[in-house]
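Trainee: Encoded as structure tokens, here's the structure I'll be asking about.
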Amino acid sequence: MNEILLNNGVIVYLLSESVLYLLLLVACFATVGLLRRWNFDAFTSEQFTLENRSYLVMTIIFFVMMLKMLLLPYFIYTIDSLSDLIPGAMCGAGVIKANRYGNPLLVVKIAVLFLSGIWLSLNTLDLKARNYPYVRLKSWLFLFIFLLLSMEFALDLLYFTHIETTNPVSCCSVIFGQNGGLNSLPLGLDIPKLLLLFYLLFVLILLSTLADFVLLSLFAGILFLVVAYYAVVYFFGTYIYELPTHKCPFCMLQDHYFYVGYFLWGSLLLGSFYLLDSAVMQYFFKRPSGRLKRIALLFLTFFVLLCSAYVGVYYLKNGVWL
Amino acid sequence: MKKIVLNVTIFAIVIGVILILLVSFGSDEGSKYVYKNNREHKIIEIKPGEYQCSECNMDIGDLDNIAELIAENGNTYFFDDIGCVVLWLKTHTPKIAKLMTRTLDTHQWITVEKAWYSRTARTPMGYGFAPYAVKQKGFVSYEEMKMLMLQGKNLHDPFVKKQLLSQEVR
């Protein structure tokens with residue numbers, strides 16, 4: 001049997017995923033039935049049963065989605081701990097690249113996280129109203145998320161069953177490090193332009209959110225998510241590791257760096273999600289989203305301050321830039 | 001008044017972001033592998049560090065071992081080591097118009113098939129194959145070099161290295 005499947009972390013993770021997927025499968029069948037027969041205007045016992053069942057199903061989905069959100073950092077922690085078992089891997093970067101399923105799995109997980117968040121907001125709106133105005137919409141959204149979740153579950157199984165403990169993988173220095181002068185940044189950017197873009201986009205998000213330009217702040221938020229990823233890996237990360245050649249998004253999740261990666265990536269993802277959520281709520285559902293915007297700005301400001309603090313503290317301590 | 005200032009600032013930042021992106025798009029970054037539109041299939045003389053090897057991504061700093069592959073469509077690919085050419089051709093099948101290398105003895109460009117290859121030279125990627133115009137003892141042809149490279153029988157293999165270097169000492 002694959003040695004990876006005997007790892008405690010992997011067993012707990014796969015068992016949790018399997019149980020949650022089973023629950024979602026039940027919820028999926030119930031949702032299809034709900035969509036077929038739902039008619040809020042009907043005054044029949046079937047409709048009352050459906051309303052009760054819908055409450056139960058939505059509670060199941062709510063519970064599962066909340067747990068899935070907690071499982072993402074646990075998944076990251078698990079693959080990071082597997083770096084001890086796989087030759088060549090120094091952190092999660094090597095483990096995630098151990099086979100071709102790793103990167104798609106991570107992308108699907110983040111997409112599911114964002115969509116689940118939107119579903120949870122929609123569910124809250126629906127439960128606050130008395131006539132279940134969004135039952136059909138959130139059911140369709142759930143079915144779409146369920147498709148992604150099925151893909152995620154299949155990728156989970158394929159990923160963990162195809163990790164070889166005999167084949168060496170590349171360490172993060174090879175994956176993200178210098179490639180003989182090759183520019184690893186997208187769109188032909190260099191580090192000064194990347195940083196300028198990073199801070200300009202952050203200010204743009206702040207101001208456009210304050211001025212209530214929903215679409216502009218959403219667009220800036222999406223661009224900021226991409227730019228921030230590259231800025232952390234290729235610039236701020238080097239100050240976290242205090243090494244100009246160490247470029248990796250995963251090593252900062254380890255205890256040597258006080259698990260700062262969880263705070264950094266967590267605040268970036270949460271900030272971006274709340275920005276997206278506030279835009280969706282305001283633009284499509286005409287709901288006041290002041291609280292969501294404040295939370296988004298809080299997370300993104302924390303993220304930018306944390307990144308900048310590493311650079312500032314390094315300069316104060318050493319008197320030079322890396 | 002406050003609102004006007006806010007709107008003008010937002011407008012200025014949006015313009016700034018667009019300008020940075022446009023300037024970046026227009027830069028040369030990322031296009032240092034291939035020289036395009038070499039329709040006349042001429043050898044392109046490059047400066048050290050100007051281009052990167054299409055196989056190993058290293059900057060081509062040492063022009064002695066350089067090889068150039070000119071495709072029929074005019075795309076010219078650069079390699080820092082003849083071993084990289086062999087590895088690159090494993091996964092790429094361009095229509096080759098010319099495949100040239102610069103020899104270490106005459107410093108002239110010749111086609112790779114006409115060159116003879118030393119097996120123990122210090123080359124940028126350390127495979128040991130260096131091109132010469134004149135055959136010497138122990139040199140191999142392009143076809144032999146290709147075969148040895150594909151079988152991994154180059155200086156990267158410690159057994160091959162030990163065998164070849166001990167022969168050289170004797």
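Trainee: Post the alpha-carbon centroid distance, region A:182-240 to region A:28-79, in whole angstrom.
Mentor: Here the two parts' Cα centres lie 36 Å apart.
Trainee: In terms of Cα to Cα distance under 12 Å, which aspartates and glutamates are near enough to residue B:95, apart from those fewer than 8 places away along the same chain?
Mentor: Answer for residue B:95, where 12 Å is the Cα cut-off: B:72, listed by chain and number.
Trainee: For B:147-156, what's the mean count of beta carbons from other chains sitting within 10 Å of each residue's beta carbon?
Mentor: Rounded to a whole number, the mean comes out at 0.
Trainee: Let me spell out the model: positive unit charges on the Cβ of Lys and Arg, negative unit charges on the Cβ of Asp and Glu, origin at the Cα centre of the protein assembly as shown. What dipole size does that give, in debye rounded to 20?
Mentor: That gives the protein assembly as shown a dipole magnitude of about 940 debye.
Trainee: Continuing with the same structure: Work out, step by step, the length gained on full extension between residue B:105 and residue B:44: first 0.36 nm times the residue separation, then minus their alpha carbon distance; give nm to one decimal.
Mentor: 20.0 nm
Trainee: Can you tell me the FRET efficiency between residue A:140 and residue A:226 if r is taken as the Cβ-Cβ distance and R0 is 35 Å, rounded to the nearest 0.05?
Mentor: Result of the calculation: an efficiency of 0.80.
Trainee: Moving to a separate point now. So what is the diffusion coefficient of chain A in µm² per second by Stokes-Einstein at 37 °C and 0.692 mPa s, using a Kirkwood Rh over Cα pairs?
Mentor: Estimated via Stokes-Einstein, D reaches 151 µm²/s.
Trainee: Next question. With a point put 7 Å past each Cα toward its Cβ, work out how far residue B:151 is from residue B:7 in nm, to one decimal.
Mentor: Taking the simple label geometry, residue B:151 and residue B:7 are separated by 7.7 nm.
Trainee: Name the chymotrypsin sites (Phe, Trp or Tyr not before Pro) in region A:237-322 that are in a loop by DSSP and that have at most 16 other C-beta atoms within 10 Å, would you?
Mentor: A:258, A:259, A:321
Trainee: With the calculation restricted to Cα positions, what are the radius of gyration and Dmax of chain B in angstrom?
Mentor: Rg and Dmax of chain B, Cα atoms, are 22.6, 89 Å.
Trainee: How far, in nm, would the chain grow between residue A:255 and residue A:29 when pulled straight, counting 0.36 nm per residue and subtracting the alpha carbon separation?
Mentor: Roughly 77.1 nm would be gained on extension.
Trainee: How big is the Cα convex hull of region A:1-54 in projection, averaged over all directions, in nm²?
Mentor: If I average the Cα hull's projected area over directions, I get 4.9 nm².
Trainee: On full extension of the chain, what length is gained from residue A:16 through residue A:130, given 0.36 nm per residue of separation minus the C-alpha to C-alpha distance?
Mentor: Gain on stretching residue A:16 to residue A:130: 37.6 nm.
Trainee: If you average the C-alpha positions of region A:125-154 and of region A:90-120 separately, how far apart do those two centres end up, in angstrom?
Mentor: The two parts, judged by their Cα centres, are 21 Å apart.
Trainee: Ok, one more. How well do other chains shield peptide A:195-201, expressed as the mean number of their Cβ atoms within 10 Å of each residue Cβ?
Mentor: 3
Trainee: Sticking with this structure for a sec: So, how do all the Cα-to-Cα distances of region A:173-318 break down into 10 Å bins, in percent, from 0 on up?
Mentor: All Cα pairs, binned at 10 Å, distribute as 11, 39, 31, 15, 3, 0 percent.
Here, each number is a calculation from the coordinates, and none is a lab measurement. Fair warning: this is a prediction, and the values are worked out from it, not measured in the lab. Ideal geometry is used to build each Cβ from the backbone, glycine not excepted, and the neighbour counts take in all protein chains shown.
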